[in-house]
Amino acid sequence: MKILFKSSIYLIVLFTLFSCGNADNDVFFNPSSGSDLGEGSTVDPCLDLGDSQLTLSIQDQFTTLPGKVSIFFKVSDTEGNPIPGLTANQFTIYEQGRNDDCFNKISTSEAQARISPNAQIFNNSTLLVLDLSNSVLSSSLQELKTASVSFVNNVMPEVESESNKMAIYWFDGEDELHLLNDLTSSKEDLIASIDAITDDISNDPSTDLYGAVIKSTEKAEKLIKETKNNDIIGAASIVIFTDGTDQASRYTEKAALDKVKNASLNISYFTIGLGSEIDTEVLASIGKTSSVFAGNKAELETTFNDISYLVSQRANSFYLFEYCSPKRDGSGDNNLAIQVTSGSLQGAVQTKFSANGFTGGCE
């Protein structure tokens, strides 16, 4: 039986980096990174954990009888760069009951702490959005197809998983974000759709870049809303490729950038630019998570690979951390702090959980 619970406050707060030893910087969030702070609060000063270089962004938490506590969160550095590949022995658990002046460290081995598969509560979606306007189709289509196939191979896992999917869209000058391949976990289907692109696919030689940004954001927002309605946490990465600037003038630059700025914090934006006609400043603003630029079509696959690495890192920086709490029924609400270390970096976050119904043992 799962008992869902939430932190008492949902923080979207900008933290300022203070001097060494000040506990107020235990959770530091750089708003320019485009990363998500989520739920949680700074840890109590009594723990004296020191400066924080990592951010733990709580996405959800729940308890399971007879005594398991589960916390789902994302780990990143203070610049918003994801931290993947963490193991349970890199986490430290601290609990504070109503009779405790400060927190007590809980043995991770005795508490059977582990990193568990998160597929049952988390979906990650990638939207690859390709500029197939006339300039691309006439001069760099084959290079784009090769780079896109590499991207799919790098981002999609070898073993298909319903929790990790990708869709491919394309745009030209029309007021439409064309679907090339619907959201799927099949790497083979995605590659086949890329291979099937021909140089006569477009009927409008113009470029509706800003429209593509707006429409892809709306699709990503819809995906996250749908997963939430199914009690699943969703994250999405939008990856936009173009070799030019917006020519259609159907939507304004401000409208596109506002759409990015106001999007869900669980949507990441990446842009890939090709050639000398791109506006690097605009593309960097759209790709607020990361932007890369290829000087010529020979560099295109390398830039796609650079972005695919970042997309994969982000997807793998979400963790479902679970442990068996020693707290028992009747102990009421308890404070919980989780610290993570990665090399010389550390960070922590604090939340609460209820031990109502907790008994001995843990599934």
What FRET efficiency comes out for the pair Thr198/Gln120, r = Cβ-Cβ distance, R0 = 35 Å, nearest 0.05? 0.30
Rounded FRET efficiency, nearest 0.05, which uses the C-beta distance separating Asp100 from Ser264 and R0 of 35 Å: 0.40
Express in Å², to the nearest 10, the accessible area of Val311 obtained by rolling a 1.4 Å probe over the protein heavy atoms while all chains stay in place. 0
accessible surface per residue for the chain, probe 1.4 Å, DNA/RNA/ligands not counted, whole Å² -> 43
Stokes-Einstein diffusion coefficient of the chain, Kirkwood radius over Cα pairs, 20 °C, 1.002 mPa s, in µm²/s: 98
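Counting only protein chains, not ligands or nucleic acids, how are Arg314, Arg114 ordered by accessible area (probe 1.4 Å), most first? It would help to have the intermediate numbers written out before the result.
Details: Arg314 10, Arg114 75 Å².
In descending accessible area the options line up as Arg114, Arg314.
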In bins 5 Å wide, starting from 0, what share of all Cα pairs of the stretch 81-204 does each bin hold, as a percent? 2, 9, 15, 15, 12, 10, 8, 7, 6, 5, 5, 4, 2, 1, 0
Put a dot 7 Å past each Cα toward the Cβ at Asn316 and Glu176; how far apart are the dots in nm? 3.9
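Under a point-charge model restricted to the Cβ atoms of Lys and Arg (+1) and Asp and Glu (-1), what is the dipole moment magnitude of the chain relative to its Cα centre, in debye to the nearest 20?
Values: 25 positive and 49 negative charges, 270 e Å.
Using only the charged Cβ atoms, the result is roughly 1300 debye.
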What is the percent carbon and sulfur in the accessible area of the chain, measuring with a 1.4 Å probe over the protein chains and ignoring ligands? 47
Among Asn316, Thr198, Leu141, the residue whose Cα sits farthest towards the positive end of the charge dipole of the chain (+1 at Cβ of Lys and Arg, -1 at Cβ of Asp and Glu, taken about the Cα centre) is Asn316
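With loop defined by DSSP as not H, G, I, E or B, and exposure as at most 15 other Cβ atoms within 10 Å, which is the longest segment of the chain clear of exposed chymotrypsin sites (Phe, Trp or Tyr not before Pro)?
Values: sites that count: Tyr10, Phe18.
Longest gap between qualifying sites, sites excluded: 19-363.
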Rg/Rg_globular for the stretch 212-336, with Rg_globular taken as 2.2 N^0.38 Å and Rg from C-alpha atoms: 1.41
Using +1 at the Cβ of each Lys and Arg and -1 at the Cβ of each Asp and Glu in the chain, identify which of Leu257, Val159, Thr92 lies farthest towards the dipole's positive end. Thr92
Inter-probe distance in nm under a simple model that places probes 7 Å from Cα toward Cβ, at Ser139 and Cys46: 6.6
Taking a crude spin-label model, label points 7 Å out from Cα along the C-beta direction, the Ser107 to Thr64 distance in nm is 2.4
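The values are calculated or read from the model by the stated rules, or taken from the named source; none is laboratory data. Just so it is clear, the model here is predicted, and its values are computed rather than measured. Methodologically, a virtual Cβ is constructed for each residue, glycine included, from the backbone with ideal geometry; neighbour enumeration extends over all protein chains shown. Just the protein is used for accessible areas: all its heavy atoms, side chains included, with ligands, DNA and RNA removed. Shrake-Rupley method; radii C 1.70, N 1.55, O 1.52, S 1.80 Å.
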